[in-house]
Amino acid sequence: MASTETRLSAVAGHQSLREQVGHALRAALVTGQLAPGEVYSAPTLAAQFGVSATPVREAMLDLAKEGLVEVARNKGFRVVAVGERELDEYTDLRRLIEVPTVRSLAGRIDGAALVRLRSQAEAIVTAAVAGDLIGYIEADRSFHLDLLALAGNRHLVSMIAELRDRSRLYGLGALAEAGGLTGSAQEHLVLLDHLAAGSADAAEQLISHHLGHVRTLWSAASRKTAAG
C-alpha cells in the first residue's frame, strides 16, 4: 500500500481527510492493490494510511453506496468483483449514451475547449507510456467527462462517471504490462481531430470502437488477474 499512502499525501490540504482517504482507496481499487473478493478492515487500512479508522470507515461506506465494496459483517469491507456480464452491460449503456453525444459535438467545440481537451489527451498518452496507472485513469476520466460535459447535460455526465467507476476496478496492472494502454490512449487524440474537423461519422465510429476496445482490454486484464 506504499503508493496509496503517497497518493494520500499528495492531495493533502485540498480535500477533507475523508475525501483524501476515499481518493486513495479508489486508486488502490483501480491498480489492484485492493483485490476483488478480499476483505479489508478499517483499522488495518487506517494504520497503513497513518490516520484514524473513522475517515477510512466513512470513505469505505461511501464506496459501498456506489457498489464498489460491500460490508462484511464484523470483518470489514469486501471489494466487489466485476463479472463479464456486468462489464457488457456497463459498456452497452455507455455506448447508448456516449456515442450519440460525442457525435453531436462534431464541429461544435470551441478553440479553448479543444486546447484543454488536447492537453488532457496528451496527459493520457504520457501516463500510458510511463506506466503511471493512477495518472492514466485520472486523465482518462477527466477527458471523457469534460468532453461529455460540453453537451450541457450534467445528469448524463454523472451517469457515465458512475458507470466508469463501477467497471474500472482492477486489471490495469496486467494491461500495462502487456503494453495495451498506449494504443487506447492515442485514440483520444485522433477523436479530437475528428471532432475539430466536424467529421461526425468518423467521431462516432471511433468512440464506438474505443469503448468496445476498452471493454476487450479490461476483460482480458481481469481474466489474467483472476488466473494469476
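The values are calculated or read from the model by the stated rules, or taken from the named source; none is laboratory data. Because the structure is predicted, anything quoted here is derived from the model rather than measured. Neighbour counts run over all protein chains shown; Cβ positions are idealised from the backbone, glycine included.
Output the residue which, of all residues in segment 33-50 that are touching a strand residue (DSSP E or B) at 6+ places or on another chain (Cβ under 8 Å) and more than 14 Å from residue 60 (Cβ to Cβ), is surrounded by the fewest Cβ atoms within 10 Å (Cβ to Cβ).
If we take residues in segment 33-50 being touching a strand residue (DSSP E or B) at 6+ places or on another chain (Cβ under 8 Å) and more than 14 Å from residue 60 (Cβ to Cβ), then 37 is surrounded by the fewest Cβ atoms within 10 Å (Cβ to Cβ).
Output the number of residues of segment 128-157 satisfying the condition of being surrounded by fewer than 18 Cβ atoms within 10 Å (Cβ to Cβ), in a helix (DSSP H, G or I) and modelled with pLDDT under 95.
Looking only at that region, the number is 4.
Within segment 129-144, which residues are among the small types (Gly, Ala, Ser) and touching a residue at least 40 places away in the same chain (Cβ under 8 Å)?
Selection gives 131 alone.
Got a sec? Which of 51, 82, 71 is assigned to a strand (DSSP E or B) and either assigned by TED's automatic domain parsing to the domain that holds residue 154 or not acidic (Asp, Glu) (or both)?
One residue alone meets the criteria, 71.
Go through segment 54-68 residue by residue and tally those that are part of a helix (DSSP H, G or I), surrounded by fewer than 16 Cβ atoms within 10 Å (Cβ to Cβ) and small (Gly, Ala, Ser).
Count: 1.
Residue 160: part of a loop (DSSP other than H, G, I, E, B) and β-branched (Val, Ile, Thr), yes or no?
Here the answer is no, as residue 160 does not meet what is asked.
Write out, first by first residue and then by second, each pair whose Cβ atoms fall under 9 Å of each other, whose residues are 6+ apart or on separate chains, and whose first residue, in segment 78-107, is modelled with pLDDT of 95 or more while the second is in a helix (DSSP H, G or I) and among the acidic types (Asp, Glu).
99/204; 100/204; 102/204; 103/201; 103/204; 106/201; 106/204
Would it be correct to say that residue 95 is surrounded by 18 or more Cβ atoms within 10 Å (Cβ to Cβ), closer than 30 Å to residue 197 by Cβ and out of contact with any Cys (no Cβ under 8 Å at 6 or more places or on another chain)?
Considered against the rule, which asks whether it is surrounded by 18 or more Cβ atoms within 10 Å (Cβ to Cβ), closer than 30 Å to residue 197 by Cβ and out of contact with any Cys (no Cβ under 8 Å at 6 or more places or on another chain), residue 95 comes out as no.
Name the single residue, out of those in segment 1-32 being at pLDDT below 50 and in contact with a Phe, Trp or Tyr (Cβ under 7 Å, 6 or more places away or on another chain), that is surrounded by the fewest Cβ atoms within 10 Å (Cβ to Cβ).
Top of the filtered list is 5.
Of all residues in segment 26-82, which are over 25 Å from residue 135 (Cα atoms) and of a type in the set (Val, Ile, Thr)?
39, 44, 54, 71
Could you please let me know if residue 109 is among the aliphatic types (A, V, I, L, M), surrounded by 15 or more Cβ atoms within 10 Å (Cβ to Cβ), touching a helix residue (DSSP H, G or I) at 6+ places or on another chain (Cβ under 7 Å) and part of a helix (DSSP H, G or I)?
So residue 109 does not fit the description; no.
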